[in-house]
């Protein structure tokens, strides 16, 4: 039966409800700059009315739950864009380093050393009997060899550093999946009573977004609030259990590298994406292509120079001498033959024992000889194309990375407009809720005064 005590109950319910609203607004304002936080809203609804003979009488309000505001579509879009950004940003970083290693055009670059090598043979052709010109040929050859070895070593160092990143990222992925599994367990326990663990869900969503920048992940929420995190067809996380991956050392073409497997098995992961895919592509394709190109150029120089040099004669009439050691034909190992290194007089310049300059001239003309790419490119052109391709790929990676960075920022801004804390909106809600709280308190005061009138001023006859 409606009455003053029912009015007090209505005021109390309103007071407590608006007090919770004020507290939640304060929580939003406090976390305005907290990464991963999504704003929360208190859902209030009217309580069931009381039926009396003259109709339904309201009984006040109650809080149904506190929800955080989320846009699942924008969250998924950001996750997809973050994956691509992670992959291209790593490639951008590595390709920029490769481009810098070539150091073109500079006086100590490989193209400059290669031109100086051909020039030294031209100089020897002008005076084929000169020992000083032969010393210059050996000196420029030594500088060219050092240039090849230095560039090759730096590319190998970059490959090794990239391989170490594989191990580090695997450890990071395992840490994040373990954290997600732990939070899943906490969420399942906290939501047993039917209420949502908003702060825990925010923490889990933030870690999942970070994980999506490393690998391609899809999430499915279970009825109890836990999530399943898939990478391809396999699960990284299933509820409170995580399934770690591992990096194991494998030998690939004589090079020790890390490959990614499911921990405790030999099953290799192939459907990679994000930064991890960028690392693997950088190590196995981008850096390796440059190393292979450099080795091909070094091998061609060795073979072409030796093929002509062995037919010529040195100052002491020796012939059949290789200029470069044919047993070391890669960029990292190339060296002068022992004969030439020990006796610079054995540098061949003549095609006949009596002496001429035909061999030195032929070697200088190798500069423009079409001996590479199925006899359509010279060695200088091949190196220029190698440098140009590295620059082109670096530019592509930089542009694509910037595009995805802009896309991620746009999606993030759109998501923040829905999920983020807007201080102006919170202040407006704060003022409105404060007025509602004050009014609720006034209702209780009015009901209290009415009860005091009934208790103290009624039922006393004769006063």
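If I stretch the segment between residue 23 and residue 389 completely, what's the gain in nm (0.36 nm per residue apart, minus their alpha carbon distance), one decimal?
Length gained between residue 23 and residue 389: 125.8 nm.
Can you classify the range 303-368 as rounded, prolate or oblate using the Cα gyration tensor, where a ≥ b ≥ c are the square roots of its eigenvalues, rounded means a/c under 1.5, and otherwise it's prolate if a/b beats b/c and oblate if not?
It comes out oblate by the Cα gyration axes.
At what distance in nm do the modelled label points of residue 432 and residue 446 sit from each other, each positioned 7 Å from its Cα along Cα→Cβ?
Roughly 2.2 nm, to one decimal.
Run the simple label-point estimate for residue 418 and residue 52 please: 7 Å along Cα→C-beta, distance reported in nm.
Result: 4.5 nm between the two label points.
Which of rounded, prolate, oblate describes the range 115-160, given a ≥ b ≥ c as roots of the alpha-carbon gyration tensor eigenvalues and a/c under 1.5 marking rounded, otherwise prolate only if a/b is larger than b/c?
Prolate.
Sort 371, 376 by Cβ crowding within 10 Å, fewest neighbours at the top.
376, 371
Nearest 0.05, what FRET efficiency do residue 381 and residue 157 give at R0 = 25 Å with Cβ-Cβ as r?
Plugging the Cβ-Cβ distance into 1/(1 + (r/R0)^6) gives 0.35.
Normalised by the residues of the chain, what does the relative contact order come to in percent, with Cα pairs under 8 Å and at least six apart?
Rounded, it is 24 percent for the chain.
Can you tell me the orientation of helix 4-30 relative to the chain, as the angle in degrees between its alpha-carbon axis and the longest Cα principal axis, to the nearest 10?
So the helix axis and the longest Cα principal axis differ by about 20 degrees.
The list (1) -0.24, -0.33; (2) -0.51, -0.61; (3) -0.40, -0.53 gives values of log10 I(q)/I(0) by the Debye sum over Cα atoms at q = 0.06, 0.07 Å⁻¹, and only one came from this structure; which label was calculated from it?
Among (1) -0.24, -0.33; (2) -0.51, -0.61; (3) -0.40, -0.53, the one derived from this structure is (2).
Tell me the label-point distance for the pair residue 373, residue 16, using the 7 Å Cα-to-Cβ offset, in nm and rounded to one decimal.
Simple spin-label model gives 8.0 nm for this pair.
Rounded to the nearest 0.05, what FRET efficiency do residue 172 and residue 196 give with R0 = 35 Å and r taken as the Cβ-Cβ distance? Could you check?
Between residue 172 and residue 196 the formula returns 0.75.
Relative to the longest principal Cα axis of the chain, at what angle does helix 131-190 sit, 0 to 90 degrees, rounded to 10?
It works out to around 20 degrees.
If I stretch the segment between residue 241 and residue 218 completely, what's the gain in nm (0.36 nm per residue apart, minus their alpha carbon distance), one decimal?
6.7 nm
Helix 423-457 sits at what angle to the longest principal axis of the chain, using alpha carbons and giving 0 to 90 degrees rounded to 10?
Approximately 20 degrees, to the nearest 10.
Okay, helix-only estimate at 222 nm for the chain: each DSSP H run of n ≥ 4 adds -39500 (n - 2.57), divide by all residues, round to 500 deg cm²/dmol; what do you get?
-20500 deg cm²/dmol
Please give the Cα centre distance for the range 61-113 versus the range 136-204, rounded to the nearest Å.
The distance from the Cα centre of the range 61-113 to that of the range 136-204 comes to 13 Å.
Values quoted throughout were computed directly from the atomic coordinates according to the rules given, and no laboratory measurement underlies them. Treat the numbers as computed from the prediction; the structure is a model and nothing was measured. Reconstructed Cβ throughout: ideal geometry from the backbone, glycine too, with neighbour counts over all protein chains shown.
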